[in-house]
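What follows is one structure encoded as structure tokens, with my remarks underneath.
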Amino acid sequence: MLEVAPIPEEEEVLERTNEVLPETVPGIVGQLLLAVAVLVVGWYLSKLVVRLTGRTVARRIERPSVTRTVLRGVRSFVLLVTLIVVAGILGVGDTQILLSVTVISAIVAVVLAPLVGSFVNGLFVLGDRPYEIGDMIEIVDEGHTGFVEDITIRYTKVFTLQNTFIVIPNSEIQQRDVINYSAEDERTRLSLEFEITYESDLEAARNLAERGARSVDVVITGGPDIRIGSARYAAAPLCNVREYADSGIVLELYFWVQHPYKQSVARSAVRTAIRERFVDADVEFAYPHRHHVFDGDSGTARVAVDGSRSARPDADPPIDADGNGVDPDG
């Protein structure tokens, strides 16, 4: 009995392709067209899968950064399956695929080692949760402040307050000091230092400073104490004496703002409000003063006043042995 050898899978795909396509189309062209069609379908199918599963994944995970990473993984899986099907259509066997994966892995290990480090650090960023998408952060050593726009396995994207964005590899941001202003509570405590003269009314200055801060719209004027860890701080502005300096008394004003991105606006408005109130009160800002003292050992100085200008003589007057001035004209 004559036994017929089974047709390989690639030949079956080719025969079906030839049945669907016109006879005038050569076999290799048919394979290419079918591969392109499958690739296009797989591309749009990956988007459709992400759209259908996006809400479910977001409700279960409740973290935007992890949700985006999971959805990227789902889409990558669909595209990987699509590429495997395309490889089968083009006649690429399992051995060739394994060999290609091996070669690509070797190239990745040698050339793309930094990306692997960013990938590992990206997992730490997603796991440690130092910040989340939408948080306002400050990179201290670089002086960048802005909002986290995206967190991937490789990098973190931040939109700065200057309407620009920076992309920082996760391997670098893990080694930097990052301040998160939106971790749990966006309310931020600020402080201002200013100096008043010793002749000023101290209690009046403190009260006026607190009233000035309360008059600013972005400042929290009062309410329940705000808890930070195990400590509690008054929500209303508070002015304390910091130190007694050389030129005056240094006061420090503490106040809270509702949103961290309005720190500069709040500081400027509070400074303006304090100055306006000090003008009409018995309070003056201190500034350095210098007093020149002349005693018996300081010599003799002669000053001539001419209008608003002071003139210094060309030479000191002659003196005798006892230190008394001598009239040069006799």
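The figures follow:
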item: Pick from segment 183-231, criterion among the aliphatic types (A, V, I, L, M) and farther than 30 Å from Pro130 by Cα, ranking: surrounded by the fewest Cβ atoms within 10 Å (Cβ to Cβ); result: Leu202
item: Filter result for Asn170 (of a type outside the set (A, V, I, L, M, F, W, C), surrounded by 13 or more Cβ atoms within 10 Å (Cβ to Cβ), farther than 23 Å from Ser264 by Cβ and modelled with pLDDT under 85); result: yes
item: Subset tally (residues that are open to solvent by less than 40 Å² (accessible area, probe 1.4 Å) and either in a loop (DSSP other than H, G, I, E, B) or out of contact with any Phe, Trp or Tyr (no Cβ under 9 Å at 6 or more places or on another chain) (or both)) for segment 135-160; result: 5
item: Ser100 open to solvent by less than 70 Å² (accessible area, probe 1.4 Å), modelled with pLDDT under 65, out of contact with any strand residue (DSSP E or B) (no Cβ under 6 Å at 6 or more places or on another chain) and assigned by the TED database to the domain that holds Arg72; result: yes
item: Residue within segment 271-284 that is at pLDDT 90 or above, outside any loop (DSSP other than H, G, I, E, B), within 30 Å of Ala183 (Cβ to Cβ) and not β-branched (Val, Ile, Thr) present; result: yes
item: Count - residues of segment 255-270 that are in contact with a helix residue (DSSP H, G or I) (Cβ under 6 Å, 6 or more places away or on another chain) and either assigned to a helix (DSSP H, G or I) or of a type in the set (Lys, Arg) (or both); result: 1
item: Single match in Gly330, Gly307 (criterion: open to solvent by less than 90 Å² (accessible area, probe 1.4 Å), of a type outside the set (S, T, N, Q), at pLDDT below 65 and more than 36 Å from the chain's Cα centre (by Cα)); result: Gly307
item: Test: residue in segment 236-258 that is at negative phi, among the basic types (Lys, Arg) and at pLDDT below 90; result: no
item: Condition met for Ser200 (touching a residue at least 60 places away in the same chain (Cβ under 8 Å), in a loop (DSSP other than H, G, I, E, B) and closer than 30 Å to Val279 by Cα); result: yes
item: Counted residues, segment 203-235 - those being in a strand (DSSP E or B) and hydrophobic (A, V, I, L, M, F, W, C); result: 4
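The values are calculated or read from the model by the stated rules, or taken from the named source; none is laboratory data. Everything numeric here is computed off the predicted structure, so don't read it as measured data. Every residue, glycine among them, receives a Cβ derived from its backbone with ideal geometry; neighbour counts consider all protein chains shown. For the accessible areas, the whole protein counts, side chains as well, though only heavy atoms, and no ligand, DNA or RNA atoms are used. Shrake-Rupley method; radii C 1.70, N 1.55, O 1.52, S 1.80 Å.
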